[in-house]
Amino acid sequence: MDEINKDYKENYAVDVLTGVRPTGNLTIANYLGAIKPLTELQAQGLKTVIFVADMHGLTDNEPKIVKSNIKEIIADYLGLGIDPKKIFIYVQSDISTELLELTMLLLRHITVAELLRIPTLKDKLKQNQTPENANTLLAIYPVLMAADILIQRSKFIPVGEDQKSHIEVTKLLARRFNSKYGNTLPVPEMQLIKPLKILGLKGLGKMSKSDPDNAIFLTDSPEIVAKKIKGAETANPGEMTPILESHFLLARELCKSDEEFEKNKQFEIDHLLGKKVMGEFKGFLEMLVVNFLSEFQDKRSEVLKQENLIEEIIQQGKNFASKNAKDTLEQIRFSLNK
Ligand code: AMP
């Protein structure tokens, strides 16, 4: 076997890679579902890398808007506990040359029909977009996503159940490339993250920024939080509903001490015993949310006060990611030209 390809199976450059779209206005559910698990990986010491997916953001946003959100989202992540000393953060377009070259090469290994059969893409094309009105960036985004992963040679990709097909596409493309040109791209593995679904405060589906009255935003003031939680839907004493279960989950995820965990559990027990504790529970939930948000908001403004901090983080991330990307492309070109 060729020198360069000998260890391709273990030729990973990163343990865990994950992307974030630079859309503003994160909700507390975004934190719990997507960012808190990263802080846990960080604590485990895995080489975790986050990229700001500004090129993916272009699918449904103007370039100017996407650009203006990059620093904002990084400030959010730092405010939420991502430690730039432990985790690299890079901007996707900082390695656009390498990424686009790999995307082009990968696009050669998937047919148009296969692309349109990818479940996540099919779902998107069924909701508010159709092949008639969706731009083509949407159609190729699973391949750009595969390039994101393969160019950094990441071993694990954390995904929810609904994102599984993206990783399958990435593995398929890596295998097709390897079988045609010789073993080059290490195939990544899926890392299923524990499913967590926070519902909207009034129970109208998932908490989402597209339904602002039902969501708690990271920028909400204590007054707004109080108003939103007062209006939250609960259940009759003795009755458990999906929405109330979600409120207990939200509280549990925000508890910081054993006392708080116990208190949350006790509210649940008392409620199921038929006691009238919902008013008190709402006060408890409000306290947890307000404490969490004020800690985040303080930390975020500290981050923004530090001159050039975010620029430096982006530069370090760029150095790291572009070295990996260049190395990967060098290996690819070697294989292509054999
Ligand atoms: P979105 O902003 O809707 O694209 O969501 C980005 C990520 O945030 C998702 O992939 C989830 O990991 C997480 N997330 C968003 N909304 C929720 C929710 N209601 N419950 C749990 N996690 C969520």
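For D94, state whether it is assigned by TED's automatic domain parsing to the domain that holds D162, under 19 Å from Q152 (Cβ atoms), charged (D, E, K, R) and surrounded by 16 or more Cβ atoms within 10 Å (Cβ to Cβ). Spelling it out, D94 is indeed assigned by TED's automatic domain parsing to the domain that holds D162, under 19 Å from Q152 (Cβ atoms), charged (D, E, K, R) and surrounded by 16 or more Cβ atoms within 10 Å (Cβ to Cβ). Aliphatic (A, V, I, L, M), under 17 Å from the mean Cα position of the chain (by Cα), more than 16 Å from the ligand (Cβ to nearest atom) and in the same structural domain as K155 (by TED's automatic domain parsing): is that true of A75 in this structure? Against the criterion (aliphatic (A, V, I, L, M), under 17 Å from the mean Cα position of the chain (by Cα), more than 16 Å from the ligand (Cβ to nearest atom) and in the same structural domain as K155 (by TED's automatic domain parsing)), A75 qualifies. A count restricted to segment 213-247 and to residues that are surrounded by fewer than 17 Cβ atoms within 10 Å (Cβ to Cβ), in contact (Cβ under 8 Å) with a residue 24 or more places away in the chain and within 16 Å of the ligand (Cβ to nearest atom) stands at 3. State whether one or more residues within segment 172-185 are of a type in the set (G, A, S), over 30 Å from K230 (Cβ atoms), more than 16 Å from the ligand (Cβ to nearest atom) and touching a residue at least 60 places away in the same chain (Cβ under 8 Å). Checking segment 172-185: at least one residue is of a type in the set (G, A, S), over 30 Å from K230 (Cβ atoms), more than 16 Å from the ligand (Cβ to nearest atom) and touching a residue at least 60 places away in the same chain (Cβ under 8 Å).
Meeting the requirement of 1 or more residues that are within 20 Å of T27 (Cβ to Cβ) and at pLDDT 95 or above, the helices (runs of 4 or more DSSP H) wholly within segment 210-279 are 222-230, 242-254. Residues of segment 186-207 that are assigned to a loop (DSSP other than H, G, I, E, B), within 14 Å of the ligand (Cβ to nearest atom) and not basic (K, R): I193, P195, L196, I198, G200, L201, G203, L204, G205, M207.
Restricted to segment 124-154, and to residues that are assigned to a helix (DSSP H, G or I) and of a type in the set (G, A, S), which residue is surrounded by the fewest Cβ atoms within 10 Å (Cβ to Cβ)? Step by step, filter segment 124-154, then rank; the result is A139. Listed conditions (1) outside the structural domain of H109 (by TED's automatic domain parsing); (2) part of a helix (DSSP H, G or I) are all met by S165, apart from (1). Taking the criterion of being under 25 Å from the mean Cα position of the chain (by Cα) and assigned to a loop (DSSP other than H, G, I, E, B), the only residue of segment 171-185 that qualifies is L185.
The values are calculated or read from the model by the stated rules, or taken from the named source; none is laboratory data. These numbers come from a predicted model, not from an experiment. Methodologically, a virtual Cβ is constructed for each residue, glycine included, from the backbone with ideal geometry; neighbour enumeration extends over all protein chains shown.
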